[in-house]
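Asker: Before I ask anything, let me first share the structure, which is written out below as structure tokens.
Only the coordinates and a few stated rules stand behind these numbers; no lab work does. These figures come from a predicted structure and were not determined experimentally. When we count neighbours, we look across all protein chains shown, and the Cβ atoms used for this are built from the backbone with ideal geometry, even at glycine.
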Amino acid sequence: MQSTETKEKKNLKRSRSIPCEMPVTDTTVSKALDDCILFPVEEIVQSPLPGYGAPTSISFSPDDSLITYLFSPDQTLSRKVFAFDLKTCNQELFFSPPDGGLDESNISAEEKLRRERSRERGLGVTRYEWVKTSLTKKTVMVPLPAGIYFQDLSLQPELKLPSASFSPIIDPHLSPDGTMLAYVRDYELHVLNLLYNESKQLTFGAKGNAMTHGLAEYIAQEEMDRKNGYWWALDSKFIAFTQVDSSEIPLFRIMHQGKSTVGSEAQEDHAYPFAGASNVQVRLGVISATGGPVTWMDLLCGENDKANNDEEYLARVNWMHGNTLTAQVLNRSHSKLKILMFDIKTGQRKVLLVEEQDTWINLHDCFTPLDKGLNKFSGGFIWASEKTGFRHLYLHETNGSCLGPITEGDWMVEQIAGVNEAMGLVYFTGTLDGPLESHLYCAKLFPDGSYPPQTPLRLTQGKGRHVVVLDHQMQRFVDVHDSLDSPPRISLCFLHDGSLIMPLYEQPFTIPRFKRLQLEPPEIVQVQGNDGTILYAALYKPDAERFGPPPYKTLISVYGGPSVQFVYDSWINTVDMRAQYLRSKGILVWKLDNRGTARRGLKFEGSLKHNVGRVDAEDQLTGAEWLIKQGLAKDGHIGLYGWSYGGYLSAMTLARFPDVFRCAVSGAPVTSWDGYDTFYTEKYMGLPSDNQAGYKFSSVMHHVDKMKGKLLLVHGMIDENVHFRHTARLVNAFVAAGKPYELLIFPDERHMPRGLRDRIYMEERIWDFVERNL
């Protein structure tokens, strides 16, 4: 997806003739040709999606006079830093990479893997931070493959810290006071003093990938949503960091079978902890930002000699005021989380809070320390718990005792957006107005003794999804709002009541690409599961004027796994280009969020506990039967497609219910859960040794003998997340059972194809498979 891809796409369009393919209906051939809308398969893979060229990574300058963001005026993935002056209402280019910035060819192997973990696709500038040395000087720090740049609004960019291909700079972050920059290089933690332009290595003793300092391990990045391995103290005097020891984890080797060379450059080894096996060992240390001895905290996560270790995973690290360090540690079974508080001078610890759940603990980023002296409770913190079945906010004293709930009800808090301690208010996003939406709300920070707490005040206007950024003075916020009917639009609003100050960005609804392809938002419907639970679904109907009335051949787009919601009121569902492409071919497309998916509370999500591949597949069957009963889906012509967990669920559903589903496309599927990682798998399935029957049933291979429909397996051969081994094992099962299958492999791709030609080829093959088998 480099800048050359735009030209490549245009050349592909000119050089290819895409015939209009549509099923025969009562409509005459001549009318069908007149009405045929050209929807080239290339449209599915173009980035950004229609309407998603809006600014991203929005932030306020330290003095709140500017709003900065990443933006591409030519609507490509290659972005630059822009600034909007709130006084003059002028937009100007703040920082443009001197060499064009990041592309897929100029980054290190470590950075490529980090981009895989974060699902990052952006090019050019992908991240920046404000320097907070003073309110008058407006400077941003921009990390690029060439090194670390600093850009003052009125000066030329300065390359402060050059990088090198053999020794790249990883994960740079400014200190809170803006005088220092921490980063990882050669697996060690370093600090650049910006006042004297002097760099110093802080940690020593790393052993390549086997032992690292300051880097988050694979499990933390991929499964815990913890991308960092070090954390600045609030006063910028200390840095907490992890030491990750993976020397005891057997390496899993991935061969680059598509390379013309052999040897070390055609292979890579990963310390991958398989379900039931050992995890990496993680220590937590603290060091002065100027260097010196390390004080190790009394904590060692992942010890091999402890059964059901209460401290298996280091989940989160937070500093509180007064240089108090806290860490959230999770046990192996995900049933207990402890917040530990450390004395950084001695490493001694005490337990601040214990959270326990029979289902499992869901990690979050709602832990928020409060300032001492700014409120009547003299410090303390906000914590989010699902002890009522829904995630809600609670106020805690410094010693950990709970003072009471801030929010309550059968809905969930998502993120804390900001806290105004002086006014006693907390701002957060949540689902009070329904699980298909997300809004900004305000609640009283300090419980007044009444129960239940007062209903929070909603501050965002318009149905759909709202992502917000608050200014530093707690006066205004930026609202990024989209819905099924509207692409992302950006507004500046007053924080006290949510009223509009001014629009900042609005994509014209007459998006040429959107109009040309005649994309229509899906219809959101409700279906009752076999246990009476309401399930939400999205329905993409073919144009009846072109394809006649239903029933239609139907494809079910599935994900179905935990921590993900597929069906919600967002523009991303309207511009699901594969669904729209299939709709343009006369295929009805259906999405259903089965029990086990996100944002519906712990009971709904917990339906998957030890039931992976059972209740989720059964809910997908319920959805298909509802479509048949409604006369929408053509009985005997229903298929599925999905990726990752969706790839697993599409294959599993096809195998379990052979009389209903005709075919499936299974992308990068986990075919047997003993081949996936510890954290994710054991959270939902338990240890393999404790749940042998569950692991057996949840394996696709266990159901191959029943399969009647056609299956297309799609997989990248260097996928380091869901290894190609999963597909290979399923192929062996097909061979043993004498069952046919189709296979589409990409030797040089990982979990999701990134190369433009690979992605186009994949979509062509998927449509060919669907056309032949549905």
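Asker: Over all alpha-carbon pairs in segment 565-711, figure out the percentage whose distance exceeds 25 Å.
Answerer: Within segment 565-711, distances greater than 25 Å cover 29 percent of Cα pairs.
Asker: Still on this structure: For Met211 and Ser689, what does the FRET efficiency come to when R0 = 30 Å and r is the distance between their Cβ atoms, rounded to the nearest 0.05?
Answerer: So the FRET efficiency works out to roughly 0.55.
Asker: Related question: How much of the calculated P(r) for segment 471-512 lies past 12 Å, in percent of all Cα pairs?
Answerer: 61
Asker: Using a simple charge model, +1 on the beta-carbon of Lys and Arg, -1 on the beta-carbon of Asp and Glu, nothing else, what dipole does segment 43-165 show about its Cα centre, in debye to the nearest 20?
Answerer: Using only the charged Cβ atoms, the result is roughly 280 debye.
Asker: Restricting the count to DSSP beta bridges whose residues both fall in the chain, what percent are antiparallel, rounded to a multiple of 5?
Answerer: That works out to approximately 85 percent antiparallel.
Asker: If you average the sequence gap of Cα pairs under 8 Å that are 6 or more apart and divide by the length of segment 374-507, what percent do you get for the contact order?
Answerer: That works out to 14 percent.
Asker: What is the ratio of the Cα radius of gyration of segment 374-507 to 2.2 N^0.38 Å, where N is its residue count, to two decimals?
Answerer: Computed over Cα atoms of segment 374-507, the ratio equals 1.08.
Asker: Taking the Cα centre of the chain as the origin, how large is its charge dipole in debye, to the nearest 20, when only Lys and Arg (+1) and Asp and Glu (-1) carry charge on their Cβ atoms?
Answerer: Result for the chain is approximately 980 debye, rounded to the nearest 20.
Asker: Relative contact order for the chain: what percent, with Cα pairs under 8 Å and sequence separation of 6 or more?
Answerer: Relative contact order of the chain: 8 percent.
Asker: If you wrap the chain's Cα atoms in a convex hull and average its projection over all directions, what's the area in nm²?
Answerer: Average of the hull's projected areas for the chain equals 33.1 nm².
Asker: Multiply the residue separation of Gln526 and Val564 by 0.36 nm, subtract the distance between their alpha-carbon atoms, and state the gained length in nm to one decimal.
Answerer: Stretched out fully, the Gln526 to Val564 stretch lengthens by 11.9 nm.
Asker: Have a look at segment 523-773 and give its Rg and Dmax from the Cα atoms, expressed in angstrom.
Answerer: 17.2, 57
Asker: If I take R0 = 30 Å and measure r between the Cβ atoms of Glu104 and Asn732 in this structure, what FRET efficiency does the formula 1/(1 + (r/R0)^6) give, to the nearest 0.05?
Answerer: 0.35
Asker: Using the structure shown, list the pairs from Lys463/Lys541; Lys137/Lys200; Lys200/Lys345; Lys137/Lys345 with a Cα-Cα distance above 30 Å, or answer none.
Answerer: Correct reply: Lys137/Lys345.
Asker: Can you give the relative contact order of segment 281-320 as a percent, counting alpha carbon pairs under 8 Å and 6+ residues apart?
Answerer: 34
Asker: Given the pairs Lys634/Lys739; Lys553/Lys708; Lys683/Lys706, which are separated by over 27 angstrom at their Cα positions?
Answerer: The answer is Lys683/Lys706.
Asker: Taking the Cα centre of segment 663-755 as origin, work out the dipole magnitude from +1 charges on Lys and Arg Cβ and -1 charges on Asp and Glu Cβ, in debye rounded to 20.
Answerer: Dipole about the Cα centre, nearest 20: 380 debye.
Asker: Additional query: Name the residue from Met297, Leu352, Asn197 whose Cα lies farthest towards the positive end of the charge dipole of the chain, charges +1 on Cβ of Lys and Arg and -1 on Cβ of Asp and Glu.
Answerer: Asn197
Asker: Quick check: convex hull of the Cα atoms in segment 468-600, volume per residue, rounded to a whole Å³?
Answerer: 148
Asker: So if a site counts as exposed when it's one of the chymotrypsin sites (Phe, Trp or Tyr not before Pro), its DSSP state isn't H, G, I, E or B, and it has at most 11 other Cβ atoms within 10 Å, what's the longest stretch of the chain without one?
Answerer: The longest such stretch corresponds to 205-774.
Asker: Let me ask another. Points 7 angstrom from Cα along the Cβ direction at His496 and Asp298: gap in nanometres?
Answerer: Simple spin-label model gives 4.9 nm for this pair.
Asker: Could you check the spin-label model distance between Lys112 and Lys200? Points 7 Å from the Cα along Cα→Cβ, value in nm.
Answerer: Taking the simple label geometry, Lys112 and Lys200 are separated by 3.6 nm.
Asker: Among the listed pairs Lys609/Lys696; Lys515/Lys710; Lys350/Lys387, which have their C-alpha atoms separated by more than 25 angstrom in this model?
Answerer: In this structure, Lys515/Lys710 exceed 25 Å between Cα atoms.
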